[in-house]
1. Only one of these is charged (D, E, K, R) and closer than 14 Å to Ala523 by Cα: Arg493, Arg488, Arg418, Arg437. Name it.
2. Restricting to segment 460-480, count the residues that are touching a strand residue (DSSP E or B) at 6+ places or on another chain (Cβ under 9 Å) and not aromatic (Phe, Trp, Tyr).
3. Name the residue, out of Gly306, Gly395, Gly341, that is buried (at least 17 other Cβ atoms within 10 Å of the Cβ) and of a type in the set (Gly, Ala, Ser).
4. Please go through segment 467-497 and pick out each residue that is assigned to a strand (DSSP E or B) and surrounded by fewer than 15 Cβ atoms within 10 Å (Cβ to Cβ).
5. Hey, can you tell me all the residues within segment 498-524 that are over 15 Å from Val439 (Cβ atoms), part of a helix (DSSP H, G or I) and in contact with a Ser or Thr (Cβ under 7 Å, 6 or more places away or on another chain)?
Amino acid sequence: MQTVELLDKREQVMRLFTANGNSDSSEIHEYLFTLARKICEASHVSSDIKLKQLVGKFDGSKLPEEPVEINTYLDYLAENVAAHSTHTSSPRFIGHMTSALPFFVQPLSQFITALNQNTVKTETAKACTPLERQTLAFMHRLVYDLPDEFYRRHTQAADSTLGIMVSGGTIGNITALWCARNVSLSSRNGFPGVEAAGLTAALKDYGYEGAVVIGSSLMHYSLEKTADLLGIGTCGLVRVATDKHNRMDVDALRRTVAECRARRLLIIAIIGIAGTTDVGSIDPLAEIAKLAQEEGIHFHVDAAWGGPLLFSRRYKHLLSGIEQADSVTIDGHKQLYLPLGVGILVFRNPFLAQAIQKQARYIVRATSIDLGKRALEGSRPANALLLHAALHLVGPQGYEFLIDEGIRKTRYFAGLLRTDPAFELLGEPEINILNYRYVPAPLRERVSTGNLSEDDLNFLDQFNEALQKTQRQAGRTFVSRTRVETPRYGAQRPLVALRAVLANPMTTKADLHAVLADQVDIARQIGFAVGQGKSAGR
């Protein structure tokens, strides 16, 4: 009996590896495709299930004793995952940097999974290795636009690295500053360099008292991770003040650089932001680049969000100076409309990444074109195929349309907020992220004059936080929440703000009206139950 059971289990497992002639395979494809299509085509944002109840569906920790039948598992996915997933493609989901995907992404992702190419090594990604290098050359040319001869020399050369495909902006930022640190503290005069000796020994050999990375107060939190991993600690992340437009104050930056020099601190890099996550502001990249070049400091641009503005003839001037950056991060899963897991880091100097090169005897040998030798991540999928396809199928003109449309809709939405006394626009949007808040009727006159007490501000914060949480739970529409500083109420007084991100090409004017109408209805439901203080009683 045991032998029969063992044979049955063996047959059951082997069947999972056999697609040809397997009726289960085609049924799974059809089932999952239908399930995904329903999610992608949904107009609402999510179910209204409470998070505590949803977590209860996943609190078991015992593995199944027997393999589960495929149909049983698919039903489980439909009931517990698909039914309660966030519909990021919904045109009324306008709160985060994730939106609808072009239709070709799903079958192409399936193709990538079926190929199962590991781009760490040419032997496991024979065609995808040169394809990835070509894809990075496309993006490098978009950012830097150097002469044809440069790309003929470096696109497929073993000693060159125009860029690195990464899983996202965080890994891109970490890798860029890793390169910058290693170059700043490289081997010399018998000293083996920071890579071999470590940060403490390297700083001592070079005569520094410490090391820092400088950026604006609106730097992405991934830079905190970077500072931690580089060994300088989050205290080594020096934040420079921003101006009234939420852009880095270059005069303050210049003073900060001088102060760090006076304290004998190594400045590993200066960070410029092309599209802050909170408000979408863009630092004065050309001015920062000039200062960085004068001071001989690595200049890195975090363009995870705003990088694709380079496709737009109307708006690419906002990124003027990015072509002077030593390294640039762009997230493919944001405004390149690709799935999560697609990120790009490009280098102006094609030899910069040699500072982090690693190799092994069985893989990524020094003279090979293996992609894993100059990257933080080792094994990874051939996701460059997704970007390669999009650059051909959507194309530069398609991306230009998408960028221009997002900004157009943002300006329309801002116009709605300006003319509706129920809302207050908290600063003019630079690109396609904007901040605003709901204002209950008793406070609207005081908001119009800017004559708000601290109690009023606290009440508005509580009210808008409650509104956003209630909207999220209801699942009909969605905007996110943040805290922003606005000169109108004092730079030291961050306000709770509703945050809209308008990138989904499927979002219409009617959807924007629906989002605001939903918030007005929710505000009526909340009433003055929140923060029953002095402001509420007036």
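The values are calculated or read from the model by the stated rules, or taken from the named source; none is laboratory data. These numbers were taken from a predicted model, which means no experiment stands behind them. Positions of Cβ are generated from backbone atoms using ideal geometry, with glycine treated the same way; all protein chains shown enter the neighbour counts.
1. Working: Arg493 fails: closer than 14 Å to Ala523 by Cα; Arg488 fails: closer than 14 Å to Ala523 by Cα; Arg418 fails: closer than 14 Å to Ala523 by Cα.
Unique residue meeting the criteria: Arg437.
2. Step one: list which residues in segment 460-480 are touching a strand residue (DSSP E or B) at 6+ places or on another chain (Cβ under 9 Å), which gives 460-465, 467-469, 471-472, 477-480.
Of the ones still in play, those that are also not aromatic (Phe, Trp, Tyr) are 460-462, 464-465, 467-469, 471-472, 477, 479-480.
The total comes to 13.
3. Values: Gly395 fails: buried (at least 17 other Cβ atoms within 10 Å of the Cβ); Gly341 fails: buried (at least 17 other Cβ atoms within 10 Å of the Cβ).
Result of the check over Gly306, Gly395, Gly341: Gly306.
4. Initially, segment 467-497 is screened for residues assigned to a strand (DSSP E or B), giving 478, 480-484, 495-497.
Of everything in segment 467-497, just one residue is assigned to a strand (DSSP E or B) and surrounded by fewer than 15 Cβ atoms within 10 Å (Cβ to Cβ), namely Arg483.
5. Taking segment 498-524 and keeping what is over 15 Å from Val439 (Cβ atoms), we get 499-515, 517-518, 521.
Those left that are additionally part of a helix (DSSP H, G or I): 509-515, 517-518, 521.
Within segment 498-524, Ala514, Val515, Asp518 qualify.
Rundown of residues vs (1) of a type in the set (A, V, I, L, M, F, W, C); (2) assigned by TED's automatic domain parsing to the domain that holds Leu386, yes/no style:
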site	(1), (2)
Ile282	yes, no
Ile297	yes, no
Gln324	no, no
Pro339	no, no
Ala355	yes, yes
Lys358	no, yes
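Residue by residue, here is whether (1) closer than 18 Å to Asp283 by Cβ; (2) part of a strand (DSSP E or B); (3) modelled with pLDDT of 95 or more; (4) small (Gly, Ala, Ser) holds:
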site	(1), (2), (3), (4)
Val212	yes, yes, yes, no
Gly215	yes, yes, yes, yes
Asn246	yes, no, no, no
Ala252	yes, no, yes, yes
Val257	yes, no, yes, no
Arg261	no, no, yes, no
Ile271	yes, yes, yes, no
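Results for (1) more than 24 Å from the chain's Cα centre (by Cα); (2) in a loop (DSSP other than H, G, I, E, B), shown as yes or no for each residue.
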site	(1), (2)
Ser46	no, yes
Ile49	yes, yes
Glu65	yes, yes
Thr88	no, yes
Thr98	no, yes
Gln106	no, no
Ser109	no, no
Gln117	yes, yes
Val120	no, yes
